[in-house]
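Here is the structure we will look at, set down as structure tokens.
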Amino acid sequence: MGIESDFIWMDGVLLPYDQAVVPFLTSGLHYGIAVFEGIRCYPTGRGPAIFRLNEHMTRLVESAKILGFRSLPYNPGDLSRAAVELVRANGFASCYIRPLIYLSSPKLNLSIDDGQPRTGIACWEWGNIYGPDFLKNGVRANISSYTRHHPNIAMTKAKISGNYANSILAKTESERLGFDEAIMLDPQGYVAECTGENLFVVHDGQISTPPLAAILEGITRDALIHLAADLGYSITERMMGRDMLYTADEVFVCGTAAEVVAVREIDFRPIGNGQIGSITADIQKAFYEVVGGTHPRSDGWLTYVSG
Ligand code: PMP
């Protein structure tokens, strides 16, 4: 499974994959002046369906505003329609969708105002980032030696491409150490999030998750908060030290690419009994029902590609 597809949508036009290229002298490439989204399209009984498409495109436009773009040629509705058109054109039953707005500038300086935003959307077939075994058995994580962003240094509410150098440092270190994922602490030392996932902790049947102030407001996180409440679980936002992870009964992480995955070990300490916990399993099951189109919340959260 590669990242190829027949078409990539670029500034309103469906281009053959090989023609969707950007010039070497692009600010987005040199300085990470770009914003992006990760969205999933799932197979359902009514054909491919995109999970929370409008929320993702809204966050994309908000990321662009946070980065400093003052006007954009497309609104979230336009971008959602473009994503549907793209998935349909490529004929995928399920895929990952990657929109990106990048700065194209005649000067390679450090200001946004000298250039124009350009928009592309790609999609490709992509399974869970950890793979099916991890979905069943959970992943092993470390507490990263890298600190998560300070919200007045990098804008943590925005998916700005340049911000992801921090995630890449942490993820690469984690994998080189033999773990699957890195958990990152904020500049005060409290648990923040993972490299591309939000995190939940279970103690004595109560679910907690770090507060929103300094993390990306994950759309999967929001969905799981609703699903956990539907299932009757109590869920609160609270600051946590890393020691609260070590003593948890269950830890799980979520994101578009990761979906919902248990963390079975952190820094060589088993979490709970070292297997996926019952609350994690319940929430994971509800999530897959939603994206599979068989949950009462499915219709509210899915955009069916066939209309
Ligand atoms: N935190 C970070 C840093 C991320 O990159 C992501 C992935 N977008 C998430 C959390 C999870 O967000 P979502 O559920 O919207 O994919």
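When A286, A262, A281, A248 are checked against the criterion of being of a type in the set (A, V, I, L, M, F, W, C), open to solvent by 20 Å² or more (accessible area, probe 1.4 Å) and either away from the ligand (no atom under 13 Å from the Cβ) or in a loop (DSSP other than H, G, I, E, B) (or both), A281 stands alone in meeting it. If you check I271 against the conditions, is it in the same structural domain as G138 (by TED's automatic domain parsing) and away from the ligand (no atom under 16 Å from the Cβ)? Answer is yes for this residue. Only one of the numbered conditions (1) open to solvent by 10 Å² or more (accessible area, probe 1.4 Å); (2) at pLDDT 95 or above; (3) in contact with a helix residue (DSSP H, G or I) (Cβ under 8 Å, 6 or more places away or on another chain) is not met by R46, and that is (3).
A single entry from F179, F200 fulfils the requirement of being more than 11 Å from the ligand (Cβ to nearest atom), in contact with a Ser or Thr (Cβ under 6 Å, 6 or more places away or on another chain) and in the same structural domain as I266 (by TED's automatic domain parsing): F200. If the condition is being within 15 Å of the ligand (Cβ to nearest atom) and either open to solvent by 30 Å² or more (accessible area, probe 1.4 Å) or assigned by TED's automatic domain parsing to the domain that holds F36 (or both), then region 203-222 contributes P211, L212, A213, E217, D222. In region 1-11, is there at least one residue being free of Cβ contacts under 8 Å to residues at least 60 places away in the same chain and of a type outside the set (F, W, Y)? Checked region 1-11: no residue is free of Cβ contacts under 8 Å to residues at least 60 places away in the same chain and of a type outside the set (F, W, Y). A single member of L29, L14 is open to solvent by 40 Å² or more (accessible area, probe 1.4 Å), at pLDDT below 95 and not acidic (D, E), and it is L29. Checked against (1) among the aromatic types (F, W, Y); (2) surrounded by fewer than 21 Cβ atoms within 10 Å (Cβ to Cβ); (3) touching a helix residue (DSSP H, G or I) at 6+ places or on another chain (Cβ under 8 Å), Y102 passes all but a single condition, namely (2).
The values are calculated or read from the model by the stated rules, or taken from the named source; none is laboratory data. On a predicted model such as this, the values are computed, not experimentally measured, just so you know. Every residue, glycine as well, gets a Cβ built from its backbone with ideal geometry; the counts of neighbours run over all protein chains shown. To get the accessible areas, we keep the full protein, side chains included, count just its heavy atoms, and leave off ligands, DNA and RNA. Shrake-Rupley method; radii C 1.70, N 1.55, O 1.52, S 1.80 Å.
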